[in-house]
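Novice: What follows is a structure written as structure tokens; I'll ask about it next.
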Ligand code: NAD
Ligand code: TYD
């Protein structure tokens, strides 16, 4: 049986709310729940950006706390003030985890541990949504992963997320805490840091820079528009069963090269920008989710992929002041990354 919870009138803690999905989720909450308050706890790593929340920074329903989810004292104080937690904060870029996994273990695993452990002494918290990822299942050529499939993560990022995901489950089983785990597929949309595939390719194309396709560009992801993901999180908060895992996918499998073609076509740029580069180490071929469980709660994606991609491309086109500030820094990492691959034996 599905449960029912309400978000209206509550104060929620959103961790990692200055990042891509977190900031979209905060916008979504404030827009759809006029009496709901949000506390955003974010360390502002390279991926955290308060510009994502500029339009709501003075909203009395919104509060920003600059801090680390690993700071137990701070987390304990914040937990006293909230009735729900949505935990996004993480290191999230696979390529960075390949070069240096340390921060991934420290934030994604240990940081999640600090939050879960604090939850033990916060009985008024009605729900804790742990945002995991489809990458915990690993890759598969055919078929779809159901929520009870075994986990076989293949990047240090995915492995650290799998550790956090199962730790969240263990805290549900052991301490009977109100935890639900979500495994979304690849998100795209406004405010995504331009090191990730779609914003990197759109902003590079806008600047007539090469578009670095890994391998043959044939790897497949299930692309989910971020607004649809936010609605899914909302529905799981309302109706999801405690202790359960929910896949969130759009059943929208597209090869990287096809996306690159659509981006250059939308921007009227030449295909000659395509640049085939050495493949990512351990590059997962395909992610694919069986989403019948969340469909049964009444959610399905609303945006067609073509429409959502066009909206996204237009957003980056119309907001160069947002991405130009952070692009240079993201390219510093890209240069470092390419150097690493060039020098590998
Ligand atoms: P992001 O990298 O854009 O943002 C991460 C945010 O977490 C940043 O604001 C950063 O400052 C903050 N953060 C990092 N370490 C922190 C710490 N120790 N304490 C407090 N804040 C910290 O990430 P995203 O793409 O928005 O992803 C959000 C969550 O969703 C992550 O848990 C990620 O694993 C998961 N996820 C993302 C996708 C995707 O396609 N982007 C898909 C599935 C799951
Ligand atoms: P990414 O956005 O890093 O997400 P993830 O690896 O977590 O799914 O990459 C999406 C796909 O795009 C993945 O197959 C790797 C590929 N990719 C490129 O081909 N070139 C790039 O420069 C990047 C960043 C990704």
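Novice: Inspect the stretch 45-67 for any residue being surrounded by fewer than 16 Cβ atoms within 10 Å (Cβ to Cβ), within 16 Å of the chain's Cα centre (by Cα) and within 16 Å of ligand 2 (Cβ to nearest atom) and give the result as yes or no.
Specialist: The answer is yes; a qualifying residue exists.
Novice: Name every residue in the stretch 123-135 that is crowded, with 22+ Cβ neighbours inside 10 Å and more than 16 Å from ligand 2 (Cβ to nearest atom), in order of residue number.
Specialist: Residues of the stretch 123-135 crowded, with 22+ Cβ neighbours inside 10 Å: 127-135.
Scanning the stretch 123-135 gives 127, 128, 129, 130.
Novice: Considering 210, 184, which residue is under 24 Å from residue 46 (Cα atoms), surrounded by fewer than 18 Cβ atoms within 10 Å (Cβ to Cβ) and either in contact (Cβ under 8 Å) with a residue 24 or more places away in the chain or within 15 Å of ligand 1 (Cβ to nearest atom) (or both)? Reasoning before the result, please.
Specialist: Values: 184 fails: surrounded by fewer than 18 Cβ atoms within 10 Å (Cβ to Cβ).
On inspection, the qualifying residue turns out to be 210.
Novice: Looking only at residues that are within 16 Å of ligand 1 (Cβ to nearest atom) and outside any helix (DSSP H, G or I) in the stretch 189-207, which one is surrounded by the most Cβ atoms within 10 Å (Cβ to Cβ)? Outline the logic, then answer.
Specialist: First, the residues of the stretch 189-207 that are within 16 Å of ligand 1 (Cβ to nearest atom): 189-203.
Filter once more, so that each one left must be outside any helix (DSSP H, G or I): 189-196.
Values: 189: 23, 190: 20, 191: 23, 192: 26, 193: 21, 194: 22, 195: 21, 196: 19.
That would be 192.
Novice: In the stretch 213-226, which residue that is surrounded by 20 or more Cβ atoms within 10 Å (Cβ to Cβ) and more than 12 Å from ligand 1 (Cβ to nearest atom) is nearest to the chain's Cα centre (by Cα)?
Specialist: 219
Novice: Let me ask another. Given the residues 248, 233, 237, 263, which is the only one that is within 17 Å of residue 313 (Cβ to Cβ) and crowded, with 17+ Cβ neighbours inside 10 Å?
Specialist: Matching residue, one of 248, 233, 237, 263: 263.
Novice: State yes or no: is residue 48 touching a strand residue (DSSP E or B) at 6+ places or on another chain (Cβ under 8 Å) and part of a helix (DSSP H, G or I)?
Specialist: no
Novice: Could I ask something else about it? Could you tell me whether any residue of the stretch 85-96 is touching a helix residue (DSSP H, G or I) at 6+ places or on another chain (Cβ under 6 Å) and farther than 26 Å from residue 231 by Cβ?
Specialist: Within the stretch 85-96, one or more residues are touching a helix residue (DSSP H, G or I) at 6+ places or on another chain (Cβ under 6 Å) and farther than 26 Å from residue 231 by Cβ.
Novice: While we're here: Out of the stretch 118-138, which residues are away from ligand 1 (no atom under 15 Å from the Cβ) and either in contact with a strand residue (DSSP E or B) (Cβ under 7 Å, 6 or more places away or on another chain) or touching a residue at least 40 places away in the same chain (Cβ under 8 Å) (or both)?
Specialist: First, the residues of the stretch 118-138 that are away from ligand 1 (no atom under 15 Å from the Cβ): 119-127.
Listed by number, the residues that qualify are 119, 120, 121, 122, 124, 125, 126, 127.
Novice: Restricting attention to the stretch 212-234, which residues are outside any strand (DSSP E or B) and either more than 21 Å from residue 7 (Cβ to Cβ) or near ligand 2 (Cβ under 9 Å from one of its atoms) (or both)?
Specialist: 215, 216, 217, 218, 219, 223
Novice: Now, a different point. Could you list, in sequence order, all residues of the stretch 273-298 that are under 21 Å from residue 135 (Cα atoms) and part of a strand (DSSP E or B)?
Specialist: Passing the criteria: 286, 289.
Novice: Taking the condition touching a strand residue (DSSP E or B) at 6+ places or on another chain (Cβ under 7 Å), surrounded by fewer than 19 Cβ atoms within 10 Å (Cβ to Cβ) and closer than 14 Å to residue 12 by Cα, does residue 141 pass?
Specialist: no
Each reported figure results from applying straightforward, stated rules to the coordinates on display, with no laboratory input. Note that the coordinates shown come from a computational prediction; the quantities given were computed from them, not determined experimentally. Note that each Cβ is placed from the backbone with ideal geometry, even for glycine, and that neighbours are counted across all protein chains shown.
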